[in-house]
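First up is the structure itself, then whatever we jot down about it.
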């Protein structure tokens, strides 16, 4: 059975994890070396210097590429380092179109860092596929969106948007952090670059910061690799090992988290102290039909809902939970809860928050691996009746 | 945590709600020694038996949190963790047995544990008996007033014999002898021997508890009172685990309940597939009705684990080895309980230097294969075994 024939869960365990030929170790060793002895002056071995390539990092890159269906992937020291690398494909005078429902850190990168390099940015409503053509400029080079938007969990029409963007010669980058390759593989829809904050579901244990880019075209991989090697935000060997270890249970975790999240969102939807729930698995979600088409195996572990209460009451609720940790980040075995207005999306300005629908009562949860009943009890107590 | 769901205990059990620096995960405390503010605080530590760290061999924060989590999973008051499964059993037996004492094993217990007793505890005057696994009459006959401990594994390796825990505990209580269960193959997910009244549970945490084939660890779980001298002796003998390893064990335990569900599913599916396969003579799996322990396993266990043993039909040792060698996903290697499926032929892996007579005595036919199912896709594993058997 070749790796191409193996199913996702098997590839997550075996691709990039060939036993060590020297010792037979079933777990490949952690190569901490910063440099590698070369066969001769001017002759280069497979690895030379760890910024350019490291066996432990290469192994996890191979796994991620296989799971996303790419020709290769690159691992970074954080998700933002990965996104930044993708934006460095552009140059001064270029223009980026991005979805309105994006991570606050990406918003900041586009508006402050890219803008300083004279790269222009426009946020558009991706629910309206015509918005791309309407906002297109002669210098537009890239469309950046999230497979599942943050924090309102919108599901853009990825195949249609990609097609339109390609008609105009744009590169399409998708942040697939929330959906993970378990539920959606954007490269299969024609997307050029998939980005991950691998800190989240891929690592899955809240203990390694990491990012990744996966691509379909070897030519694009070569360009991104050149930038990564030149700028240096690579993932460490120890974190590469922890990431690879986490990925082995990725399929189990995401499917379980999706099952639990569906139960919790149904509970919240019927709760008197909840105004509305945004979960792509609920029929009430505006993008439910599209979620059913684009996601397979579940609807993800993220839930956003609005509590019936003001800013202060919402602060009280997120602090009152016992099993949920009050923290940003997501995708781990431990359930987390936060108030986007004061935490994950505080870097949006107030007007942008309003436009993106980030109200004071909004609460975002990342569902972990705890028993669904325990989490529901906890939320019920924190919300009060 | 006792009434929380199994997966909630896996994630949160034994952990503090608030951690240093408010970190969500426990920090790795490598420090070999721990400092005191002043001389008075050392005196207070000694005189008031203050709970704090002193020196790495006597305890470490990473060790404590893992011990609390393991205890919570097993419904025990306490757990003592060691650098390997064997260090754990040796630590327990050295703490509990003295010259003149006797110990009785069921004979399918892990052979290194029996070897330690026969070869090494014997040098210190401890007498070891072994009787046929599950033969309670023989075990009772071996008990005398010097007997201090009854030992069984359940399920056993590689035959997966399960013993009646109620009967085992009742025998111990009747004769006022302590009982020890090696529950490595069962794991706390499938059975909690302490709930039956067993005194000590032993795990090679290298297997399902760590779960990723990347650490060695062992533990003994039981009551605080019974483990006090065991913990004390560990501090003297020194078979403690490292903070790095203990962090990996804690991390592995976070997905423990989830992994066990899949190990159980894969074990049952592979056992059923093999039982129906024309090239398979016999399958040993407690989840199959054909297994002699099926009734007692159903009574004692929530699931039957990932280990499946089978005999290849009409095959000599070489033809059996060829099946093992043809596996593509399953890797050839000892051990079990990790996410990766492992396969081996006991004749070659563990009994190569034994005489054919001894192998027959131990119930290890030449055509036996042991499959330790990981958590890969079930269909992939079935296809892999299917092509391996298709000679």
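Within the stretch B:289-391, the ratio Rg/Rh, alpha carbon atoms throughout and Rh by Kirkwood, equals 0.98.
All alpha carbon pair distances within the stretch A:127-273 were sorted into 5 Å bins beginning at 0; the resulting P(r) in whole percents reads 2, 8, 15, 18, 18, 16, 11, 7, 4, 1, 0. Considering only B:86, B:301, B:349, the mean-square fluctuation computed in a Gaussian network model of chain B, springs between alpha carbons under 10 angstrom, is largest for B:349.
Shape annotation for the stretch A:105-155: C-alpha extents along the principal axes are 30, 26, 12 Å, from largest to smallest.
Size descriptors for the stretch A:1-135: radius of gyration and Dmax over Cα atoms are 20.1, 59 Å. Calculated over chain A, the projected area of the Cα convex hull averaged across directions stands at 19.8 nm². Taking Cα atoms only, the orientation of helix A:218-231 departs from the longest principal axis of chain A by about 90 degrees.
Contact order, relative form, for the stretch B:1-139: 19 percent (alpha carbon pairs under 8 Å, 6 or more residues apart, mean separation divided by residue count). A Cα-only calculation for the stretch A:199-258 places Rg and Dmax at 13.6, 40 Å.
Per-residue ellipticity at 222 nm, computed for chain B from helices alone with -39500 (n - 2.57) per DSSP H run of at least four residues, works out to -11500 deg cm²/dmol.
Computed over the stretch A:143-217, relative contact order equals 27 percent, with contacts defined as Cα pairs under 8 Å that lie 6+ residues apart.
The average projected area of the stretch A:233-275, computed from the convex hull of its Cα atoms over all directions, is 5.1 nm². Each listed q (0.11, 0.14, 0.18 Å⁻¹) maps to a log10 I(q)/I(0) for the stretch B:203-318, found by the Debye formula over equal Cα scatterers with no solvent: -0.55, -0.79, -1.00. Over what distance in Å are the Cα centres of the stretch B:15-56 and the stretch B:278-294 separated? If you average the Cα positions of each part, the centres end up 51 Å apart.
Taking a ≥ b ≥ c as the square roots of the eigenvalues of the Cα gyration tensor, the stretch A:272-336 is classed as oblate, since a/c reaches at least 1.5 and a/b does not exceed b/c.
More than 45 angstrom separation, counting every C-alpha pair in the protein assembly as shown; what % is that? Of all Cα-Cα distances in the protein assembly as shown, 30 percent exceed 45 Å. Here the scattering of the stretch B:285-327 is modelled by Debye summation over its C-alpha atoms, one equal scatterer each and no solvent; at q = 0.21 Å⁻¹ the log10 of I(q)/I(0) is -0.72. Just to be sure I understand: with springs between alpha-carbon atoms less than 10 Å apart, which residue in A:212, A:86, A:41 has the highest mean-square fluctuation in the Gaussian network model of chain A? The residue that fluctuates most here is A:41. Each principal axis of the Cα atoms in the stretch B:113-172 has its own extent, and those three values, largest first, are 32, 28, 15 angstrom.
With Rh defined as the Kirkwood radius, the inverse of the mean 1/r over Cα pairs, the Rg/Rh of the stretch A:98-206 is 0.95. In the stretch B:112-226, the convex hull through the Cα atoms has an average projected area of 7.9 nm², a quarter of its surface area. From helices alone, chain A scores -10000 deg cm²/dmol at 222 nm; the rule is -39500 (n - 2.57) for each run of n ≥ 4 DSSP H residues, then divide by the residue total.
The share of Cα pairs per 5 Å bin across the stretch B:338-378, counted from zero up to the longest distance, runs 6, 23, 25, 16, 11, 11, 6, 2 percent. Can you give me the angle between helix B:85-96 and the longest principal axis of chain B, using Cα atoms only, in degrees from 0 to 90, rounded to the nearest 10? The answer is roughly 60 degrees. Extent along the principal axes, Cα only, for chain B: 75, 51, 38 Å, with the longest axis given first.
Could you tell me what % of all Cα pairs in the stretch B:302-350 have separations over 17 Å? Value for the stretch B:302-350 (Cα pairs over 17 Å): 37 percent.
A convex hull fitted around the alpha carbon atoms of the stretch B:9-126 yields 172 Å³ per residue.
Computed over the alpha-carbon pairs of the stretch A:325-385, the distance histogram in 5 Å steps reads 4, 17, 23, 21, 16, 12, 6, 1 percent, short to long. Over the stretch A:10-77, the alpha carbon radius of gyration divided by the compact-protein estimate 2.2 N^0.38 Å works out to 1.21. Kirkwood radius and radius of gyration were both taken over the C-alpha atoms of the stretch B:200-254, and their ratio Rg/Rh is 1.00. Give the angle, between 0 and 90 degrees and rounded to the nearest 10, that separates the Cα long axis of helix A:237-247 from the longest principal axis of the Cα atoms of chain A. Helix A:237-247 and the main axis of chain A meet at about 50 degrees. Here the convex hull built on the C-alpha positions of the stretch A:216-292 has a volume of 187 cubic angstrom per residue.
We did not get these values from a lab; they are worked out from the coordinates using the rules stated. All of these numbers come straight from a predicted model, not from anything done at the bench.
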